[in-house]
Amino acid sequence: MLKKNAQPLSEALSDFFDENSTLKVKLAEHRAVRGWREVLGEGVSKYTRDIYFSRNVLYVHLASAVLRAELLMNKEGLIKKINDYAEIPILRDIVIR
């Protein structure tokens, strides 16, 4: 028997995250960190030593200076791709060390 206010779980979760913006932001931050490995693939992940998110900036430590230089040239595109992966524009800058 269906109740009048029954809704799919996906809609209920979407409503929950819309009402709790801090939780939505934290989830987007986690997606941005995970997005580094997903967007750039396994080749870049091999050289990634440490990655963390703080104050709308993604900090990435790489083991390869050549890869670091190449990624710095494409930083704006990376920011856009990771923001798309995170589903909200949470990322303002990427610091690659």
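Just so it is clear, none of the values below were taken in a lab; they were calculated from the coordinates. These numbers were taken from a predicted model, which means no experiment stands behind them. Because the Cβ atoms are built from the backbone with ideal geometry, glycine has one as well, and the counts that use them run over all protein chains shown.
Observations
- Condition check for LEU67: surrounded by 12 or more Cβ atoms within 10 Å (Cβ to Cβ), over 21 Å from LEU23 (Cα atoms), touching a residue at least 24 places away in the same chain (Cβ under 8 Å) and of a type outside the set (Val, Ile, Thr): no
- Note on the range 48-97: enclosed strands (runs of 3 or more DSSP E) holding 2 or more residues that are aliphatic (A, V, I, L, M) and touching a Leu at 6+ places or on another chain (Cβ under 7 Å) are 93-96.
- Test: VAL57 is surrounded by 15 or more Cβ atoms within 10 Å (Cβ to Cβ) and either touching a residue at least 40 places away in the same chain (Cβ under 8 Å) or among the β-branched types (Val, Ile, Thr) (or both): no
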